[in-house]
Amino acid sequence: MAKKKESRQKKMNVRVDFTPMVDMMMLLITFFMLCTSLSKPQTMELSMPSNDKNIQDEDRNAAKASQTITVYVTGDNKIFYVEGLPKYDDPNCMRETSWGKEGFRKVLINHHTEDGSTPVQDVMKAKIELDQKKLAEPEKYPEEVYNKKLAEIKSGKIDGKKVPVLTVIIKPTDKSVYKNLIDVLDEMQICSISKYVIDKINENDEKLLSAKGLK
């Protein structure tokens with residue numbers, strides 16, 4: 001008997017056309033570009049000196065000693081502070097503190113003025129109450145209204161009264177690390193301190209730091 005020829009299946013080349021997928025991807029990319037909010041640049045609030053010519057220079061820079069803290073950002077990742085204005089003839093007026101909420105932030109929050117008030121605690125408490133009101137009734141506190149009331153709180157206008165606010169003078173040395181200065185500025189935002197200034201180290205500061213063995 002003759003052998004039967006084995007049947008062979010005819011193979012077909014399958015080709016998938018991805019051209020429509022390109023159009024679909026372009027539509028999706030366009031959709032997400034239009035519907036997704038781009039990341040907003042993060043900014044830091046700065047309180048600039050007044051330009052009012054009627055204000056005398058000594059009044060322009062005046063700050064009560066009991067409402068002032070002078071901060072020295074030094075080398076070796078160290079931070080020192082003076083409650084009030086520095087006493088250049090007394091190196092012991094400088095105190096060292098650590099970073100974070102158990103250190104420098106704690107100093108700011110617990111600072112008392114001569115009348116016994118705690119400016120940072122009062123401002124932070126008022127801000128927490130404002131945040132709670134915004135969370136409970138967001139329609140009554142849009143961004144514009146919230147920012148206006150927050151600015152009033154930071155300036156010392158709380159419950160219709162004018163309360164003292166803390167002024168922080170920040171003095172970084174040439175040996176200090178840039179990151180440490182940013183950490184101090186972050187604490188200004190965390191503690192809702194609106195009055196702060198970055199000042200240069202003067203000759204008296206250099207003598208005070210040298211007497212303390214700091215750079």
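The values are calculated or read from the model by the stated rules, or taken from the named source; none is laboratory data. Keep in mind it's a predicted model, so treat the numbers as computed, not measured. Every residue, glycine as well, gets a Cβ built from its backbone with ideal geometry; the counts of neighbours run over all protein chains shown. For the accessible areas, the whole protein counts, side chains as well, though only heavy atoms, and no ligand, DNA or RNA atoms are used. Shrake-Rupley method; radii C 1.70, N 1.55, O 1.52, S 1.80 Å.
Things worth noting here:
- Rotationally averaged projected area of segment 113-158 (alpha carbon convex hull; nm²): 3.1
- Take each peptide in 131-141, 84-94, 17-27, 192-202, count the other Cβ atoms within 10 Å of every residue, and average; sorted highest first, the result is 192-202, 84-94, 131-141, 17-27.
- 26 Å Cα-Cα threshold exceeded, pairs from LYS125/LYS179; LYS133/LYS171; LYS106/LYS215: LYS125/LYS179; LYS133/LYS171
- Relative contact order of segment 134-196: 32 percent, from C-alpha pairs under 8 Å at least 6 residues apart in sequence.
- Sites LYS133 and ASP186 - FRET efficiency at Förster radius 25 Å, r taken between beta-carbons, to 0.05: 0.50
- Share of carbon and sulfur in the accessible heavy-atom surface of segment 107-170 [1.4 Å probe, %]: 53
- The calculated Kirkwood hydrodynamic radius for segment 67-198 is 15.9 Å, given to one decimal from all distinct C-alpha pairs.
- Across segment 71-194, Cα pairs under 8 Å and at least six residues apart give a relative contact order of 33 percent.
- Calculated log₁₀ intensity ratio I(q)/I(0) where the Debye formula runs over C-alpha points of segment 82-139, q = 0.20, 0.30 Å⁻¹: -0.87, -1.13
- Each pair of Cα atoms in segment 128-206 enters the Kirkwood radius, and Stokes-Einstein at 10 °C and 1.306 mPa s then converts it into a translational diffusion coefficient of 106 µm²/s.
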